[in-house]
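What follows is a short report on a single structure.
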Amino acid sequence: MAIERIVIFGTGLIGASVGLALRSHGFAGQITGWDPDPAELAAAEASGAIHLAAQDPIRSARESQLVLLSGPVFTILEWLDRLAPVLQSGQLVTDVGSVKGAVCAQARGSYSLVHSAGFLAGHPMAGKEVSGAANADGDLFDGATWLFTETQESRSMHHASRALADEWRTWAEKFGCRVLDLDPARHDVLCAWVSHLPQYLSTALSALLEDEFPAKDEVLPIGGRALREMTRLGASPFSMWRDVAHTNTEAVAASLLALEQRLAHLRENLKTPELRDEFERANRFRSMMTPPKK
């Protein structure tokens, strides 16, 4: 069963980028969009990310084969509850939320049953520090990893919904993504370290500089690339990261505590050989992230 009708709930940066990626990679079906902000919805339609702006999101969901939930985690949780009673087997709901444990728990018992829509939890590891459909990019996912967190329920979903789930995974690959499967709990721990911790570190540094240099007349003229790179994520929207903090609290808190302890270790060893050792460890890690020159 080929996917021909998709509705995207949340046509901001990620949702609109998915729409653009679908169209640029040959999706021939209809993409409907809905967003609580009429301006975002209009921008997504103007950019070509969606063909049609939904007037009634519930009706659009009923009429679609695949429903993509995009937005803050709390919004995704809310829509999972609202859509469960109105969808049926042969339909698929998927998401792009940054936390998977809470999302998979919310779907349990309401999706991927004999007479219910299937649910495939997903998370593309891609984004920008700015939000909104105006910043959407059809190439946003090229070279990224798209994580899926299948559960026992999703692996046994109705065969028609399973076919849609398998096809959606191939679309992620068409976007240029490496597709990777993780357990939901493991996903949240790993993302706390590689995604959530960098965000909160940048937020803390940016907020600290805001307090220490309120006039900005000294720090901005001499702040170069290092400052720009380290504070880039400081421009990220609060609404998204508030939801991450509330739904992945334990893993985020553990990573922040470990960082606090490492910073204290650096502070205590500014004049000892341990500082050199820390730079060596950092260099080794960074060398693994830097692709070799051709």
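The values are calculated or read from the model by the stated rules, or taken from the named source; none is laboratory data. Predicted, not measured: the structure shown is a model, and the values here were computed from it. Cβ sites come from the backbone with ideal geometry, for glycine too, and all protein chains shown count toward neighbours.
Quick check on this structure: which one of Ala28, Ala21, Ala2 is surrounded by fewer than 23 Cβ atoms within 10 Å (Cβ to Cβ) and in contact (Cβ under 8 Å) with a residue 40 or more places away in the chain?
Details: Ala28 fails: in contact (Cβ under 8 Å) with a residue 40 or more places away in the chain; Ala21 fails: surrounded by fewer than 23 Cβ atoms within 10 Å (Cβ to Cβ).
It is Ala2.
Among (1) part of a loop (DSSP other than H, G, I, E, B); (2) in contact with a Ser or Thr (Cβ under 6 Å, 6 or more places away or on another chain); (3) surrounded by fewer than 23 Cβ atoms within 10 Å (Cβ to Cβ), there is one condition Gly109 misses while meeting the rest; what is its number?
Of (1) part of a loop (DSSP other than H, G, I, E, B); (2) in contact with a Ser or Thr (Cβ under 6 Å, 6 or more places away or on another chain); (3) surrounded by fewer than 23 Cβ atoms within 10 Å (Cβ to Cβ), only one is false for Gly109: (2).
Taking Gly71 as meeting all but one of (1) modelled with pLDDT of 95 or more; (2) crowded, with 21+ Cβ neighbours inside 10 Å, write down the number of the exception.
Tallying (1) modelled with pLDDT of 95 or more; (2) crowded, with 21+ Cβ neighbours inside 10 Å, Gly71 fails exactly one: (1).
Can you pull out the residues in region 133-150 that are part of a loop (DSSP other than H, G, I, E, B) and either of a type in the set (A, V, I, L, M, F, W, C) or modelled with pLDDT under 95 (or both)? Can you show your working first?
Here is the first cut: in region 133-150, the residues part of a loop (DSSP other than H, G, I, E, B) are 136-144, 149-150.
Matches in region 133-150: Ala136, Leu140, Phe141, Ala144.
Just one of Val86, Val93, Val99 is modelled with pLDDT of 95 or more, in a loop (DSSP other than H, G, I, E, B) and within 17 Å of the chain's Cα centre (by Cα); which is it?
On the way: Val86 fails: within 17 Å of the chain's Cα centre (by Cα); Val93 fails: in a loop (DSSP other than H, G, I, E, B).
Criteria check complete, one pass: Val99.
Any residue in region 215-232 that is touching a residue at least 60 places away in the same chain (Cβ under 8 Å) sitting within a Cβ distance under 8 Å of a residue that is assigned to a loop (DSSP other than H, G, I, E, B)? List the pairs, counting only those 6 or more apart or interchain.
Hits for this filter: Arg232/Glu129.
Tally up the residues in region 202-211 that are surrounded by fewer than 17 Cβ atoms within 10 Å (Cβ to Cβ) and either within 17 Å of Ser239 (Cα to Cα) or not assigned by TED's automatic domain parsing to the domain that holds Met230 (or both), please. If you could, list the steps in order and put the result at the bottom.
Within region 202-211, the subset surrounded by fewer than 17 Cβ atoms within 10 Å (Cβ to Cβ) is 204-205, 207-208, 210-211.
With the extra rule that they be either within 17 Å of Ser239 (Cα to Cα) or not assigned by TED's automatic domain parsing to the domain that holds Met230 (or both), the set shrinks to 204, 207.
The total comes to 2.
Of the numbered conditions (1) in contact with a helix residue (DSSP H, G or I) (Cβ under 8 Å, 6 or more places away or on another chain); (2) without any contact (Cβ under 8 Å) to a residue 24 or more places away in the chain; (3) of a type in the set (Phe, Trp, Tyr), Trp193 satisfies every one except a single condition; which is it?
Single failed check for Trp193: (2).
Within region 212-258, can you find the residues that are among the hydrophobic types (A, V, I, L, M, F, W, C) and surrounded by 16 or more Cβ atoms within 10 Å (Cβ to Cβ)? Talk me through it step by step, then tell me what you get.
Going residue by residue through region 212-258, those that are among the hydrophobic types (A, V, I, L, M, F, W, C) are 213, 215, 219-220, 222, 226-227, 230, 233, 235, 238, 240-241, 244-245, 251-254, 256-258.
Within region 212-258, Met230, Leu233, Met240, Trp241, Val244, Ala245, Ala251, Val252, Leu256 meet the criteria.
Okay, residues lined up against (1) basic (Lys, Arg); (2) touching a residue at least 40 places away in the same chain (Cβ under 8 Å); (3) under 30 Å from Val99 (Cβ atoms); (4) outside the structural domain of Gly10 (by TED's automatic domain parsing):
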| position | (1), (2), (3), (4) |
| --- | --- |
| Ser239 | no, yes, yes, yes |
| Asn248 | no, yes, yes, yes |
| Arg262 | yes, no, yes, yes |
| Glu268 | no, no, no, yes |
| Pro273 | no, no, no, yes |
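Does Val244 satisfy the condition of being within 29 Å of Pro36 (Cα to Cα), among the β-branched types (Val, Ile, Thr) and either touching a residue at least 60 places away in the same chain (Cβ under 8 Å) or in a helix (DSSP H, G or I) (or both)? Give the derivation first.
Working: within 29 Å of Pro36 (Cα to Cα): yes; among the β-branched types (Val, Ile, Thr): yes; either touching a residue at least 60 places away in the same chain (Cβ under 8 Å) or in a helix (DSSP H, G or I) (or both): yes.
Considered against the rule, which asks whether it is within 29 Å of Pro36 (Cα to Cα), among the β-branched types (Val, Ile, Thr) and either touching a residue at least 60 places away in the same chain (Cβ under 8 Å) or in a helix (DSSP H, G or I) (or both), Val244 comes out as yes.
Quick one: in region 179-201, which of the residues that are in a helix (DSSP H, G or I) and among the charged types (D, E, K, R) is farthest from Ser236 (Cα to Cα)? Steps first, please.
Keep residues of region 179-201 that are in a helix (DSSP H, G or I), which gives 184-201.
Those left that are additionally among the charged types (D, E, K, R): 186, 188.
Values: Arg186: 24, Asp188: 19 Å.
In this case the residue turns out to be Arg186.
Which of the residues spanning region 176-201 are among the acidic types (Asp, Glu) and surrounded by 18 or more Cβ atoms within 10 Å (Cβ to Cβ)? Break it down into steps so the answer makes sense when it comes.
Step one: list which residues in region 176-201 are among the acidic types (Asp, Glu), which gives 181, 183, 188.
Within region 176-201, Asp188 is the sole residue that qualifies.
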